[in-house]
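Read through the structure below, which is laid out as structure tokens, and then see the notes.
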Amino acid sequence: MDQRLFTAARAAMERAYAPYSKFLVGAAILAENGQIYSGCNVENAAYPVGTCAEAGAIAAMVRDGALQIREIVVIGRGDGLCTPCGGCRQRIREFAAPETKVHVCGPEGLRQTFTREELLPASFGPENLA
Ligand code: THU
């Protein structure tokens, strides 16, 4: 795992807006252009409108003209693994190769690394629409 990604994801987690769940999440992407893009979860009083950390990081990447995730870190507190939710697995899938690494971290560091394919096997993607 690229340590710069961990640092960026942890800083993003600290900025999360999660007054309802109190579960702060950060994400950071190393894109094909060598840049790092981060995001945090942003909740809303109208609960379903809240957005995940991964969605914020992906939006920042796309806004900057990059479309390929080389590596991604997701970080959250608690004893369990802060693995990407189902919707975010699909969001990551759009911009990552099957072997792209998804590092799941806690505040202390790396907990487990998965590939995109492990997190979302037999997935539907842009090729299916070709
Ligand atoms: N959350 C994320 O930001 N990413 C995930 O992949 C899992 C869940 C956020 C959404 C919500 O603000 C909080 O964690 C509790 O579900």
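For region 43-130, the list of GluC sites (Glu not before Pro) that fall in a loop by DSSP and count at most 15 other C-beta atoms within 10 angstrom reads Glu99, Glu108.
Measure nothing but the geometry: give the 0 to 90° angle between the long axis through the Cα atoms of 3-14 and the longest principal axis through the Cα atoms of the chain, rounded to 10°. Once rounded, one gets 50 degrees.
Charges at C-beta only: +1 for Lys and Arg, -1 for Asp and Glu. How large is the resulting dipole of the chain about its Cα centre, in Debye rounded to 20?
260 debye
Annotation: amide H-H contacts under 5 Å for Gln35 (H modelled 1.01 Å from N, sequence separation of 5 or more, or interchain): none. When both region 1-37 and region 43-65 are represented by their alpha-carbon centers, they are found 12 Å apart. Surface composition of region 5-75: carbon and sulfur make up 55 percent of the accessible area, probe 1.4 Å. Estimated purely from DSSP H runs of n ≥ 4, each contributing -39500 (n - 2.57), the mean residue ellipticity at 222 nm for the chain is -8000 deg cm²/dmol once divided by its residues.
Could you work out the relative contact order of the chain? I mean the mean sequence separation of Cα pairs under 8 Å and 6+ apart, divided by the number of residues, in percent.
20 percent
Which of the chymotrypsin sites (Phe, Trp or Tyr not before Pro) found in region 16-73 are loop residues per DSSP with 15 or fewer other Cβ atoms within 10 Å of their Cβ?
Numbers: sites: Tyr17, Tyr20, Phe23, Tyr37; in loops: Tyr20, Phe23.
Here the chymotrypsin sites (Phe, Trp or Tyr not before Pro) that fit, given the DSSP loop and packing criteria, are Tyr20, Phe23.
Working note: Karplus 6.51/-1.76/1.60 with θ = phi - 60° gives region 91-106 the couplings 4, 5, 4, 4, 10, 10, 7, x, 8, 4, 8, 10, 8, 9, 10, x Hz, where Gly and Pro are set to x. Rolling a 1.4 angstrom probe over the protein heavy atoms with all chains in place gives region 31-82 an accessible area of 51 Å² per residue. As a ratio to 2.2 N^0.38 Å, the alpha-carbon radius of gyration computed for region 1-122 takes the value 0.96.
The values are calculated or read from the model by the stated rules, or taken from the named source; none is laboratory data. None of the values given here were measured: they were computed from a predicted structure. Note that each Cβ is placed from the backbone with ideal geometry, even for glycine, and that neighbours are counted across all protein chains shown. Quick note on the areas: whole protein, heavy atoms, side chains included, nothing else; ligands and nucleic acids left out. Shrake-Rupley method; radii C 1.70, N 1.55, O 1.52, S 1.80 Å.
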